[in-house]
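Undergrad: Have a look at this one before I ask anything.
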Amino acid sequence: MAGRVFCSRLQPVRHLARRSALQPRRYQSGGGGAGATNTWLVLAAAGASVAAAYQVYTSNRTKPLVEQKKDAYAKSGAVHPEAVAEQQLTPSSTEAATEESAPPPESETPPPPISLPDKVPYVLVGGGTASFAAAKAIRERDPAAKVLIVTQENYSPYSRPPLSKHLWLSGDHAAAQQLKFIAPWSGGKLVDLFYNADFCKVGELMDREEGGIAVLTGTKVVGMDTKSGSISLAGGHVISYDKCLLATGGRPRTLPLFSGEKVEKHVSVYREIPDFLTLDQRLENTKRVLVVGGGFLGTELAVGMATRYREGGLQVYQLFPESGNLGLVLPPALASWTLDKVKKEGVEVFPNVTPVSVEPESGGVKVTTSSGIELTVDHVVVAVGLWPNTDLASSGQLEVDRHLGGFRVNAELQACSNVWAAGDAACFYDPHLGRRRVEHHDHAQVSGRLAGSNMAGDQQKFEHQSMFWSDVGPDVGFEATGVVDSSLPTCGVYPKTSTELLQEGGAGVDDYSKGVVFYLSREERRVVGVLTWNLFGKMDIARKVIAEGKKEGEIGRLMSQFGLEPPPKPQPQQYQ
């Protein structure tokens, strides 16, 4: 097997070369941070080892990405957060989707008034994954607990990741339009997007001796009084609580450039179920769409839309200021490789540019970039990040982190007496990495569960190092944990798996088909984040590396744990 190690300085690279007993060849390439330079090292193994490794690689690559993931997680004994989420989703009929089974459209007519309680022991503000996980945890510890979830959305709690993943990549368009998809981790069953729970009616909650979970939808919480222990609803009703969770999530960032009545009707952001339903319907009569943003959401959407409407002739453009897709996370060379993968999925990508002007034109808008390129499109999707929703901080007299945003909480996720926060809107202390705020599904699931358990009487510290995942097309899957920031020094390893390796004297080419990147603190050169691509089920190992404070010089000894050491040299066969 052959491989490359790329680090931001030379000494640890020499260390890796000594330990692997491979012959290094050195060259330079551009680095990730301002003024940074990466040193790349070619590690070339003996021909027999190369051939053996390449055969293993090619046999694995023929499997679909999800099957590779399943095999890797089964081997490691770990559980993917997506598999956990699927177990909580509502099973759907295996029959073909029909219009009658579609989700009801949002009505402009307000629902009939319901009887609202004046007091509920547990009030959870927000209807996402963190809130649902907290409700389940409360009921597990306190089986008679009465829990009220208040959400501004018109839907009961649902899993958000499929909105940018499965619903676009599903081969069954009709099912996706009804918010159904094939659950890849659950034996291929058809599931709804919504979490499965025995919810009761809001008006009946306080009369149930056995307790329960009720969801008050379409209702905004406009204020809270942490001294008296109450929340105020938009309609003026006040509900008192014994314990309250703030799982308020966030709202998509926008760009002022895309404001104005004539422009706004051709522009959308992407976060919730109505965003998917509206965008999917609009694309049926659209020829050109532009995605602004090169992060995980923007890239997943661009690839998803290009995949869904490839046969319909939809042209998908994507632009962003970084040099490659996921450029705020990936080192430059890997970001460029990812960009090429996105292009192969049918997306026309414009890196290193920003939109500088927008004007109505031909039933759509004309977007002019900083490089002078003009793109006339029917619709624009802005995917440039998230603002944590901390609107209740003022009335609740709660502290918001000035640098990271989010409600500041202690080690038990408590913001103040009888008030906890979890998910995107919580700014928590990580014992290994300092104060952080994380916007990923796994964090929402685990932090919500721990907060709910603590609300019901536990006193657990939040020490989970959450992970996130993203698939870019059918051939590339990322998993990461910790702080993954391309401005940090990085040290990465990947196998060189080109067929050129099998040619006598062939140097091979950069393939990046799988590998691992270690993100290092600037001063101590300590591992603070780990990202793998097409290497699955390694996050428990990565968490251990971060928790143990491994440093740059120790990375060489970690390679076998990530499956990146060359195979042993074949032994000669003995014949009788």
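The values are calculated or read from the model by the stated rules, or taken from the named source; none is laboratory data. Everything numeric here is computed off the predicted structure, so don't read it as measured data. Using ideal geometry, Cβ is built from the backbone for each residue, glycine included, and neighbour counts are taken over all protein chains shown. Protein only, heavy atoms only, side chains kept; ligands, DNA and RNA dropped before computing areas. Shrake-Rupley method; radii C 1.70, N 1.55, O 1.52, S 1.80 Å.
Undergrad: For the range 175-187, give me each residue that is open to solvent by less than 40 Å² (accessible area, probe 1.4 Å) and either under 15 Å from LEU277 (Cα atoms) or not hydrophobic (A, V, I, L, M, F, W, C) (or both).
TA: ALA175, ALA176, GLN178, LEU179, LYS180, PHE181, PRO184, SER186
Undergrad: In this structure, is ALA306 in contact with a strand residue (DSSP E or B) (Cβ under 7 Å, 6 or more places away or on another chain) and either at pLDDT 95 or above or polar (S, T, N, Q) (or both)?
TA: yes
Undergrad: Still on this model: Which one of the conditions (1) open to solvent by less than 20 Å² (accessible area, probe 1.4 Å); (2) free of Cβ contacts under 8 Å to residues at least 40 places away in the same chain; (3) out of contact with any Pro (no Cβ under 8 Å at 6 or more places or on another chain); (4) on the phi > 0 side of the Ramachandran plot does GLY372 fail to meet, given that it meets all the rest?
TA: (1)
Undergrad: Among the numbered criteria (1) under 24 Å from TYR309 (Cβ atoms); (2) within 23 Å of the chain's Cα centre (by Cα); (3) open to solvent by 10 Å² or more (accessible area, probe 1.4 Å); (4) not β-branched (Val, Ile, Thr), which one does PHE194 miss?
TA: (1) is the only condition that PHE194 fails.
Undergrad: Look at GLY171 and say whether it is over 24 Å from ALA130 (Cα atoms), open to solvent by less than 60 Å² (accessible area, probe 1.4 Å) and modelled with pLDDT under 95.
TA: No; evaluated as a whole, the condition is false for this residue.
Undergrad: Let me ask you something else. Please go through the range 409-450 and pick out each residue that is on the phi > 0 side of the Ramachandran plot and crowded, with 19+ Cβ neighbours inside 10 Å.
TA: The answer is LEU413, GLY423.
Undergrad: Something else now. Given the options PHE536, PHE468, name the one that is at pLDDT 90 or above, part of a strand (DSSP E or B) and out of contact with any Cys (no Cβ under 7 Å at 6 or more places or on another chain).
TA: PHE468
Yes/no per residue for (1) over 26 Å from PHE296 (Cα atoms); (2) touching a Gly at 6+ places or on another chain (Cβ under 6 Å); (3) part of a helix (DSSP H, G or I):
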position	(1), (2), (3)
ILE149	yes, yes, no
GLU153	no, yes, no
TRP168	no, yes, yes
GLY187	yes, no, no
LEU193	no, no, no
THR219	yes, no, no
GLY236	yes, no, no
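Undergrad: Pull up the range 322-338, narrow it to residues that are in a helix (DSSP H, G or I) and open to solvent by 10 Å² or more (accessible area, probe 1.4 Å), then point me to the one that is nearest to ILE373 (Cα to Cα).
TA: Applying the filter and picking the extreme gives SER336.
Undergrad: Kindly indicate whether GLY229 is farther than 16 Å from LEU148 by Cβ, small (Gly, Ala, Ser), surrounded by 17 or more Cβ atoms within 10 Å (Cβ to Cβ) and touching a Phe, Trp or Tyr at 6+ places or on another chain (Cβ under 8 Å).
TA: So GLY229 fails the test.
Undergrad: Just checking, which of ALA135, ALA174, ALA144 is under 24 Å from HIS440 (Cα atoms) and in contact (Cβ under 8 Å) with a residue 24 or more places away in the chain?
TA: Result of the check over ALA135, ALA174, ALA144: ALA135.
Undergrad: Also, quick follow-up: Residue check: is GLU311 closer than 15 Å to VAL472 by Cα, free of Cβ contacts under 8 Å to residues at least 40 places away in the same chain, acidic (Asp, Glu) and not in a helix (DSSP H, G or I)?
TA: no
Here is a yes/no grid of residues against (1) open to solvent by 40 Å² or more (accessible area, probe 1.4 Å); (2) closer than 25 Å to ASP391 by Cα; (3) among the basic types (Lys, Arg):
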{"position": "CYS200", "(1), (2), (3)": "no, no, no"}
{"position": "LEU205", "(1), (2), (3)": "no, no, no"}
{"position": "GLY235", "(1), (2), (3)": "yes, yes, no"}
{"position": "CYS244", "(1), (2), (3)": "no, yes, no"}
{"position": "LYS262", "(1), (2), (3)": "yes, no, yes"}
{"position": "LYS265", "(1), (2), (3)": "yes, no, yes"}
{"position": "GLU272", "(1), (2), (3)": "yes, yes, no"}
{"position": "LEU279", "(1), (2), (3)": "no, no, no"}
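Undergrad: Out of all the residues in the range 388-403, which are of a type outside the set (D, E, K, R), exposed (fewer than 15 other Cβ atoms within 10 Å of the Cβ) and within 29 Å of LEU328 (Cα to Cα)?
TA: HIS403
Undergrad: Sticking with this structure for a sec: Whether any residue in the range 117-138 is under 16 Å from the mean Cα position of the chain (by Cα), at pLDDT 95 or above and open to solvent by 20 Å² or more (accessible area, probe 1.4 Å) is what I want to check.
TA: No.
Undergrad: For the range 307-321, enumerate the residues that are over 25 Å from GLY482 (Cβ atoms), of a type outside the set (Phe, Trp, Tyr) and surrounded by fewer than 24 Cβ atoms within 10 Å (Cβ to Cβ).
TA: Result: THR307, ARG308, ARG310, GLU311, GLY312, GLY313, LEU314, GLN315.
Undergrad: Follow-up question, since we're still on this one. Among the listed residues VAL358, VAL342, which satisfies the condition of being part of a helix (DSSP H, G or I), touching a residue at least 60 places away in the same chain (Cβ under 8 Å), surrounded by 14 or more Cβ atoms within 10 Å (Cβ to Cβ) and touching a strand residue (DSSP E or B) at 6+ places or on another chain (Cβ under 8 Å)?
TA: None of the others qualify; the one that does is VAL342.
Undergrad: Sticking with this structure for a sec: Tell me, which strands (runs of 3 or more DSSP E) wholly within the range 377-463 include 1 or more residues that are closer than 23 Å to GLY229 by Cα and not aromatic (Phe, Trp, Tyr)?
TA: 386-388, 414-416, 419-421, 426-430
Undergrad: With respect to PHE350, determine if the residue is open to solvent by 10 Å² or more (accessible area, probe 1.4 Å), among the aromatic types (Phe, Trp, Tyr) and touching a strand residue (DSSP E or B) at 6+ places or on another chain (Cβ under 8 Å).
TA: So PHE350 fits the description; yes.
Undergrad: What are the residues in the range 455-492 that are open to solvent by 10 Å² or more (accessible area, probe 1.4 Å) and more than 23 Å from the chain's Cα centre (by Cα), if any?
TA: ALA456, GLY457, ASP458, GLN459, GLN460, LYS461
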